[in-house]
Amino acid sequence: MISPIRILLALTLLAPALFADELAEKIRIQNQNVVKAAAESLAGELPKRVDAHTRLIAIDPKGETLLYTFEIDAGPKSDEAVIAEGKERMGRNVTAGICATSRRFLESGITIAYRYVSAATGRELFRFDIDEKRCGYRK
């Protein structure tokens, strides 16, 4: 027979883990709801011109990720040329911008993703998923 003291000790040791899992699940669900509400709120303004070559065409909730889809009209440039010329530069700029403007989202566990597609071919050119670790302010 297992003594009541051993049962109590086992429950005491397991309780923090059980509560942590329950809390993590509640946070995950809350983040999904925040992402969905943000996407719904912003989607009514679309499509929206960003600059001479770029339009924001969609904002979608994907679990705990808020996915922005941009369309690039690069004129006569091939998709390969756009990728070669822009991916690294765009990645730095997008990361810096999101880290500067979306800290509260990121620190709560939400990821912001920017996806760029070709206006000519519909092909995905590049995608940047930014979370709090990538911004360097993880606790």
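Only one entry of GLU88, GLU40, GLU45 meets the criterion of being out of contact with any strand residue (DSSP E or B) (no Cβ under 9 Å at 6 or more places or on another chain) and modelled with pLDDT under 95, and that entry is GLU88.
What is the residue count in the range 120-139 for residues that are under 18 Å from GLY75 (Cβ atoms) and part of a loop (DSSP other than H, G, I, E, B)? Total satisfying the criteria: 4.
Only one of these is assigned to a helix (DSSP H, G or I) and either in contact with a strand residue (DSSP E or B) (Cβ under 9 Å, 6 or more places away or on another chain) or at negative phi (or both): VAL82, VAL117. Name it. Result of the check over VAL82, VAL117: VAL82. Taking each residue of the range 67-84 that is of a type in the set (Gly, Ala, Ser) and looking for partners that are surrounded by fewer than 19 Cβ atoms within 10 Å (Cβ to Cβ) and in a strand (DSSP E or B) with beta-carbon atoms closer than 8 Å, six or more apart or interchain, yields ALA74/SER118. Scanning the range 37-73 for residues that are among the small types (Gly, Ala, Ser), outside any strand (DSSP E or B) and closer than 30 Å to ALA24 by Cβ turns up ALA37, ALA38, ALA39, SER41, ALA43, GLY63.
The values are calculated or read from the model by the stated rules, or taken from the named source; none is laboratory data. Note that this is a predicted model, so its numbers are computed, not measured. FYI the Cβ positions are ideal-geometry reconstructions off the backbone, even for glycines, and counts take in every protein chain you see.
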